[in-house]
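K.L.:
Provided herewith is a single structure, encoded as structure tokens, for subsequent inquiry.
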Amino acid sequence: LVVQDAIAVIGPFDGKGARAAARASKRAGMPMISLAPRGESAASAFHVRHSAEERARALARHAIEDGVKDFAIFAPQSSYGQIVGGAFADEVKKLGGQIVVNASYPRGATSFKDQMRQLKKPWSAIFIPDQAKSLALIAPALAAANLNSRPKGEKAKHGRSVRLLSTAEGISDTFLRQAGRYAWGAVFAPGFYADRTDTLIADFVSTYEEQYGAVPGAHEAYAFDAARLVQAAIADGATDRAGIVTALRSAQLPGLTGAIRFGADGR
């Protein structure tokens, strides 16, 4: 790519590849927009994707700012559950909240009746760091245990009203059909959701479906945003690698994944 006079690189998706590519981009002065949720910082490397830990911390801040002080964490017994649940717990404690219950369930579990007993202590909000397909099974299990997801100030007719928070990885309309009624007032941070009520997202989803016959997910959305960032830099007059780097450092763009701008560390 350097020999072929490319002026920017988008990718890769995996953390190991992104770390190696960041070092190579630094040596070549090649601007790189990584699509991996983690990776090394470099003068010419930018990271457009929100990691699950960042999204967990954002959920914690949102809940604390909304008046929640006591939490339960219900996480899968996996490295993802441990790391993302830990990031949420650290942010809660930093902001003066408390984790009342830190419970878990086997990775890939499809029944949660026994694990519900771990959640008996009183708390106001529960954080579940997992895939949306698992959340679609957990949400009704919570309701069956009389722990009903409700928005702030709304009381359930039966049982306790609780706030439901999740990274809800890979969420789609399937979750809404299967478990939407059990997630009333829930707040999710999946990074991207193919929301057809949002004009920008709806246009992207429609075009993607026409070309590929499928609904786009987070991989596709972050890649699209990365390409638009480079496109915008060129439209603003960048003609070489240094110009792209300068433009990205001050970029502000309404993206599919939120309003995009980079910090001093390129994230």
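K.L.:
Just one of the numbered conditions (1) in contact with a strand residue (DSSP E or B) (Cβ under 7 Å, 6 or more places away or on another chain); (2) under 18 Å from S25 (Cα atoms); (3) assigned to a helix (DSSP H, G or I) is not true of D225; which one?
P.N.:
Among (1) in contact with a strand residue (DSSP E or B) (Cβ under 7 Å, 6 or more places away or on another chain); (2) under 18 Å from S25 (Cα atoms); (3) assigned to a helix (DSSP H, G or I), D225 violates only (2).
Condition check ((1) part of a helix (DSSP H, G or I); (2) farther than 30 Å from G67 by Cα; (3) modelled with pLDDT of 95 or more; (4) not hydrophobic (A, V, I, L, M, F, W, C)) across all residues:
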{"position": "A136", "(1), (2), (3), (4)": "yes, no, yes, no"}
{"position": "P151", "(1), (2), (3), (4)": "no, no, no, yes"}
{"position": "K155", "(1), (2), (3), (4)": "no, no, no, yes"}
{"position": "L165", "(1), (2), (3), (4)": "no, no, yes, no"}
{"position": "Y193", "(1), (2), (3), (4)": "no, no, yes, yes"}
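K.L.:
Kindly indicate which of G67, G97 is in contact with a helix residue (DSSP H, G or I) (Cβ under 7 Å, 6 or more places away or on another chain) and either in contact (Cβ under 8 Å) with a residue 12 or more places away in the chain or open to solvent by 80 Å² or more (accessible area, probe 1.4 Å) (or both). It would help to see each step written out before you state the result.
P.N.:
Numbers: G67 fails: in contact with a helix residue (DSSP H, G or I) (Cβ under 7 Å, 6 or more places away or on another chain).
So the residue among G67, G97 that is in contact with a helix residue (DSSP H, G or I) (Cβ under 7 Å, 6 or more places away or on another chain) and either in contact (Cβ under 8 Å) with a residue 12 or more places away in the chain or open to solvent by 80 Å² or more (accessible area, probe 1.4 Å) (or both) is G97.
K.L.:
Is it the case that some residue within the range 189-210 is touching a strand residue (DSSP E or B) at 6+ places or on another chain (Cβ under 7 Å), farther than 23 Å from G81 by Cβ and in contact (Cβ under 8 Å) with a residue 40 or more places away in the chain?
P.N.:
Yes, there is a match, as at least one residue in the range 189-210 is touching a strand residue (DSSP E or B) at 6+ places or on another chain (Cβ under 7 Å), farther than 23 Å from G81 by Cβ and in contact (Cβ under 8 Å) with a residue 40 or more places away in the chain.
K.L.:
If you check D203, D240, D265, D195, which single one turns out to be in contact with a helix residue (DSSP H, G or I) (Cβ under 8 Å, 6 or more places away or on another chain), surrounded by fewer than 19 Cβ atoms within 10 Å (Cβ to Cβ) and at negative phi?
P.N.:
Going through D203, D240, D265, D195 in turn, just one is in contact with a helix residue (DSSP H, G or I) (Cβ under 8 Å, 6 or more places away or on another chain), surrounded by fewer than 19 Cβ atoms within 10 Å (Cβ to Cβ) and at negative phi: D195.
The values are calculated or read from the model by the stated rules, or taken from the named source; none is laboratory data. Since we're looking at a predicted model, the values are computed, not measured. Note that we place each Cβ from the backbone using ideal geometry, even for glycine, and neighbour counts take in every protein chain shown. Protein only, heavy atoms only, side chains kept; ligands, DNA and RNA dropped before computing areas. Shrake-Rupley method; radii C 1.70, N 1.55, O 1.52, S 1.80 Å.
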